[in-house]
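Accompanying notes for the structure given below.
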């Protein structure tokens, strides 16, 4: 009356197996006759990146009967990702994955696998991916040694019929007979006679019928059949056309007073069936159905027959994810189906207010998805990196979102962008601001050197000259060292170039804390409240003036503690190009806060002064110094690391307090540091010239010091 694979029969098999097999004497050692194999961590989810092998052996003369009692492995086409493989001497007997009743056909079900010999190998392998909310637990399997199956032998030739009239159970060395539900075993232990008892049916499909069907059964039957399948499945009852249960005709139709088949499902009112018309197909909408068949001691009912089947419960079709897609796209979704959500390029998955890397959800046994659909939000590249001494502005898009475009620019005219006037970046799908698809780039604003915002017109003098207009010599620096003045020039955002003798006194270098640096104005009174101390002082290693007569290598660098932000008042002076020339007559601008001539008196000025002086022929300058040495032998020598500037008539010159200041030359609107005010004979005397350190000779040393510090 039902599928012979029912749990009741399974119980008989197990009982007889234990009864017969466990009683056999076994040797102390040797192959096991039965056993169990489980995947690692079962029944907990198995780990990724796994490769596990079991080699099963039973005694010679036996075969191995392997049955998977549970299998739940991530499904994939051809079991490509995770699988359990059954082999016999490298011969493939089966490769399995998925879950019971899954859509694919890679699940072994409960049908045993029989090995050709007494060996069997199981290989369990997993890949490195197991979705966050998808927890597959692996498998468990039972194996046993099995001998010859007498039940498969042909019927005896003596005409006595089959070994068992209904069900034959093989045992070691023998066999046992059993009966279908509604029958019991006769005393001959072979034939079955009619009976009516209970039973539970948990297989996904089966066949049931009343005792004696399609013929009348004995009177006063009370039979119960319980169909209980896994949650997530719905039971369908399909009654055959031959249906006859005695009923009483009334005005309302057939009434089931004495005979009936009652259907009961949880949380619903029971329904009684009777009459001569088949109920046909009934969807119970439940995974648990109880059938109670009742007849009294009178009347006549031929009974009923039905096939039951199960279908997975159906989940609602998921909604639409804006800027995303749901896969797979099906018209219907059933229990244990998975769906995945992926966002369009430039969008990210968001669930419960947080970003997630991936999303999947499963149709549950209650016909609901176990997780609500996520949302796809546009990605955000974050604020573009700030640009020192520059800025960034949006050209398109907003809020730093995908495909937004920004443009970098520098604070002109004091800074210029390396390699271009403007640089644009786009927020790409990898959440980075990119100049191109495959190149990251960080714009840099470089200081503009030697281009003041205001230019000096005409020629003035330092000795008795006029004041320099604001913003015309923005690289000028005033140094105050123990109340002594000196000059310098800004050449980078943290570097001041000056003369070595300004920071060295009597052979001793002045400590950094004794040096005060003023800049950014042409009036000392406005600058005196704002000064900085240097971080370090670097004197040329070959400068050696112990007696005030050796100004060779008269050059030094001062590093500031903090970088300067350039503006109209403070800008750097360019260093000379390596091919720069100091031709005779080349006019340069000398500036400083040194001594001035006021009505024939030399006075310290509090205003920035400047003068335009030409470069003097080196030999002519050397002759002037040689003549002076005859009067004053303790006059320094002129070396190739120096050059002279001035006019034969004098009156225009640098003087005390200007030492370390710039001699700058303007070429095509850009000024560069040609020299450093170093020493001279008197100030502005006829036939005497100012001597300057030749900066071009020290380019390598300047760059080395700046790079190493």
| remark: Counted residues in segment 599-648 being assigned to a strand (DSSP E or B), farther than 25 Å from residue 474 by Cβ and modelled with pLDDT of 90 or more come to 3
| Can you find a residue in segment 466-476 that is in the same structural domain as residue 633 (by TED's automatic domain parsing) and modelled with pLDDT under 90? | no
| remark: Counting only residues in segment 479-493 that are surrounded by fewer than 19 Cβ atoms within 10 Å (Cβ to Cβ) and touching a strand residue (DSSP E or B) at 6+ places or on another chain (Cβ under 9 Å), the one modelled with the lowest pLDDT is identified as 482
| Inside segment 47-67, can you point out the residues that are under 39 Å from the mean Cα position of the chain (by Cα) and on the phi < 0 side of the Ramachandran plot? | 47, 48, 50, 51, 52, 53, 54
| said: Given the options 474, 452, 469, name the one that is surrounded by 14 or more Cβ atoms within 10 Å (Cβ to Cβ) and either out of contact with any strand residue (DSSP E or B) (no Cβ under 9 Å at 6 or more places or on another chain) or free of Cβ contacts under 8 Å to residues at least 24 places away in the same chain (or both). | reply: 469
| Options 208, 263; residue that is at pLDDT 90 or above, crowded, with 20+ Cβ neighbours inside 10 Å and assigned to a strand (DSSP E or B) | 208
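Evaluate the following for residue 557: is it under 24 Å from residue 451 (Cβ atoms), touching a strand residue (DSSP E or B) at 6+ places or on another chain (Cβ under 7 Å) and at pLDDT 95 or above? Steps first, answer last, please.
On the way: under 24 Å from residue 451 (Cβ atoms): yes; touching a strand residue (DSSP E or B) at 6+ places or on another chain (Cβ under 7 Å): yes; at pLDDT 95 or above: yes.
For residue 557, the condition - under 24 Å from residue 451 (Cβ atoms), touching a strand residue (DSSP E or B) at 6+ places or on another chain (Cβ under 7 Å) and at pLDDT 95 or above - is met.
Does residue 341 satisfy being outside any loop (DSSP other than H, G, I, E, B), more than 26 Å from residue 100 (Cβ to Cβ), in contact (Cβ under 8 Å) with a residue 12 or more places away in the chain and not assigned by TED's automatic domain parsing to the domain that holds residue 259? Please lay out each step first, then the result.
Details: outside any loop (DSSP other than H, G, I, E, B): yes; more than 26 Å from residue 100 (Cβ to Cβ): yes; in contact (Cβ under 8 Å) with a residue 12 or more places away in the chain: yes; not assigned by TED's automatic domain parsing to the domain that holds residue 259: yes.
So residue 341 passes the test.
If you check residue 549 against the conditions, is it surrounded by 14 or more Cβ atoms within 10 Å (Cβ to Cβ) and in contact (Cβ under 8 Å) with a residue 40 or more places away in the chain? First the steps, then the outcome.
Working: surrounded by 14 or more Cβ atoms within 10 Å (Cβ to Cβ): no; in contact (Cβ under 8 Å) with a residue 40 or more places away in the chain: yes.
Considered against the rule, which asks whether it is surrounded by 14 or more Cβ atoms within 10 Å (Cβ to Cβ) and in contact (Cβ under 8 Å) with a residue 40 or more places away in the chain, residue 549 comes out as no.
Does residue 236 count as touching a strand residue (DSSP E or B) at 6+ places or on another chain (Cβ under 8 Å), surrounded by fewer than 19 Cβ atoms within 10 Å (Cβ to Cβ) and either within 30 Å of residue 359 (Cα to Cα) or at pLDDT 95 or above (or both)? If you could, list the steps in order and put the result at the bottom.
Values: touching a strand residue (DSSP E or B) at 6+ places or on another chain (Cβ under 8 Å): yes; surrounded by fewer than 19 Cβ atoms within 10 Å (Cβ to Cβ): yes; either within 30 Å of residue 359 (Cα to Cα) or at pLDDT 95 or above (or both): yes.
So residue 236 passes the test.
Looking only at segment 514-526, filter to residues that are more than 16 Å from residue 571 (Cβ to Cβ) and either in contact (Cβ under 8 Å) with a residue 40 or more places away in the chain or touching a helix residue (DSSP H, G or I) at 6+ places or on another chain (Cβ under 9 Å) (or both); which one of those is surrounded by the most Cβ atoms within 10 Å (Cβ to Cβ)?
Initial filter on segment 514-526 (more than 16 Å from residue 571 (Cβ to Cβ)): 514-516, 523-526.
Narrowing further to those that are either in contact (Cβ under 8 Å) with a residue 40 or more places away in the chain or touching a helix residue (DSSP H, G or I) at 6+ places or on another chain (Cβ under 9 Å) (or both): 515, 523-525.
Values: 515: 22, 523: 13, 524: 17, 525: 9.
Restricting to residues being more than 16 Å from residue 571 (Cβ to Cβ) and either in contact (Cβ under 8 Å) with a residue 40 or more places away in the chain or touching a helix residue (DSSP H, G or I) at 6+ places or on another chain (Cβ under 9 Å) (or both), the top hit is 515.
Residue 651: more than 19 Å from residue 550 (Cβ to Cβ), at pLDDT below 95 and more than 60 Å from the chain's Cα centre (by Cα), yes or no?
In short, yes.
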| query | If you take the residues of segment 300-330 that are assigned to a loop (DSSP other than H, G, I, E, B) and in contact (Cβ under 8 Å) with a residue 60 or more places away in the chain, which of them is farthest from residue 206 (Cα to Cα)? | reply | 300
| Only one of these conditions is not met by residue 518: (1) outside any strand (DSSP E or B); (2) closer than 25 Å to residue 589 by Cβ. Which number is it? | (1)
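The values are calculated or read from the model by the stated rules, or taken from the named source; none is laboratory data. Quantities reported herein were computed from a predicted structural model and do not represent experimental measurements. Please note: Cβ atoms are built from the backbone with ideal geometry, for glycine as well, and neighbour counts cover all protein chains shown.
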